[in-house]
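Single-structure report; data block below.
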Amino acid sequence: METLIFYTYEFAASILPFSAAFIFLSHKQKKGGEKTHLLPGLLLFLFAVYIVCVYHVTGTGTLWDAFLYRFQTEISHINPIPFSAGIDMVGYILNIILFIPFGFLIPLIWKKMRSLHLTALAGFSFSILIEISQLLNNRRTDIDDLIMNTLGAIIGFLIYKSFKKLMPTRLHNKLNDFSYPVLELPLYIFILFAGRFFFFHEMGFAKLLYGF
């Protein structure tokens, strides 16, 4: 039960700020005369849940991590040279798989992201955000992860292109009838990150929950 409560707290730290921003922007769009559509909204929420899961799996750093480690970074934890630390095929494959949904969902939700180079750039930028944040919690920051994450986003985009050809016409039309402004992509990623960064106090909540 305690584990479920802990994960719920971690999830809420990011999703609640995202939900507030989504409601605000949707209301603003309605006032501007734009219609809202259920399917894009559901896909956007799915994207937000996926981003939260990525932050969890990668151990994305927080402000509280920085306080815990006193803003100190070990240079030995930074690897700027590709494939210099040996070949870890399992790690490479997992990093690729992790970013495949990113490359698939982005062009599905945002029309202006329906190009390979923009999706790859978005995957690269998102991976950099994660890698830099890991300097705050004493984890390794590795360029190999950056390369594999970007490759995963590219593969996800190629899967999207294949899926698009098989997509029923009705579904295709629904996705083309409405698209969120492209600037909302980095905004939502940042809000989800900021929610975790400021509100997810892992050790503090664990002490409160488990009493140690």
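The values are calculated or read from the model by the stated rules, or taken from the named source; none is laboratory data. Not measured: the values here are computed from a predicted model. A quick note on method: Cβ atoms are made from the backbone with ideal geometry, for glycine too, and the neighbour counts reach across all protein chains shown.
The residue that is nearest to GLY61 (Cα to Cα), counting only those in the stretch 92-113 that are surrounded by fewer than 17 Cβ atoms within 10 Å (Cβ to Cβ) and over 14 Å from the mean Cα position of the chain (by Cα), is LEU94.
The set of residues from the stretch 90-120 being out of contact with any Phe, Trp or Tyr (no Cβ under 6 Å at 6 or more places or on another chain) and polar (S, T, N, Q) comprises ASN95, SER115. Taking residues in the stretch 69-94 that are among the aromatic types (Phe, Trp, Tyr), and partners anywhere that are outside any helix (DSSP H, G or I), the pairs with Cβ atoms closer than 8 Å and at least 6 places apart or on different chains are TYR69/ASN137; TYR69/ASN138.
Results for (1) at pLDDT below 95; (2) within 26 Å of LEU16 (Cα to Cα), shown as yes or no for each residue.
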position: SER115; (1), (2): no, no
position: LEU166; (1), (2): yes, no
position: ASN173; (1), (2): yes, no
position: VAL182; (1), (2): yes, yes
position: PHE193; (1), (2): no, yes
position: PHE198; (1), (2): no, yes
position: PHE212; (1), (2): yes, no
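Do you know which residues across the stretch 70-82 are of a type outside the set (A, V, I, L, M, F, W, C), over 24 Å from the mean Cα position of the chain (by Cα) and assigned to a loop (DSSP other than H, G, I, E, B)? Lay out the reasoning, then the answer.
Filtering the stretch 70-82 for residues of a type outside the set (A, V, I, L, M, F, W, C) gives 70, 72-74, 76-77, 79-80, 82.
Next cut, over 24 Å from the mean Cα position of the chain (by Cα) only: 70, 72, 74, 76.
Across the stretch 70-82, the qualifying residues are ARG70, GLN72, GLU74.
Give the residue that is surrounded by the fewest Cβ atoms within 10 Å (Cβ to Cβ), with candidates limited to residues of the stretch 1-17 that are part of a helix (DSSP H, G or I) and of a type in the set (A, V, I, L, M).
If we filter the stretch 1-17 for residues that are part of a helix (DSSP H, G or I), which is where we start, we get 2-17.
Subset that is of a type in the set (A, V, I, L, M): 4-5, 12-13, 15-16.
On the way: LEU4: 8, ILE5: 11, ALA12: 15, ALA13: 23, ILE15: 21, LEU16: 12.
Ranking the candidates gives LEU4 first.
PHE193 meets the stated requirement of being touching a residue at least 24 places away in the same chain (Cβ under 8 Å), among the aromatic types (Phe, Trp, Tyr) and under 22 Å from ASP65 (Cα atoms).
Among the listed residues ALA85, ALA66, ALA20, which satisfies the condition of being more than 20 Å from the chain's Cα centre (by Cα) and either exposed (fewer than 15 other Cβ atoms within 10 Å of the Cβ) or in a loop (DSSP other than H, G, I, E, B) (or both)? Spell out the reasoning first.
Working: ALA66 fails: either exposed (fewer than 15 other Cβ atoms within 10 Å of the Cβ) or in a loop (DSSP other than H, G, I, E, B) (or both); ALA20 fails: more than 20 Å from the chain's Cα centre (by Cα).
Answer to the check: ALA85.
Of everything listed in (1) at pLDDT 85 or above; (2) surrounded by 14 or more Cβ atoms within 10 Å (Cβ to Cβ), the single unmet condition for SER162 is (2).
If you filter the stretch 73-82 down to residues that are surrounded by 10 or more Cβ atoms within 10 Å (Cβ to Cβ) and not β-branched (Val, Ile, Thr), you find that the one that is farthest from ASN137 (Cα to Cα) is PRO82. Got at least one residue in the stretch 130-141 being at pLDDT 95 or above and over 18 Å from the mean Cα position of the chain (by Cα)? There is no residue in the stretch 130-141 that is at pLDDT 95 or above and over 18 Å from the mean Cα position of the chain (by Cα).
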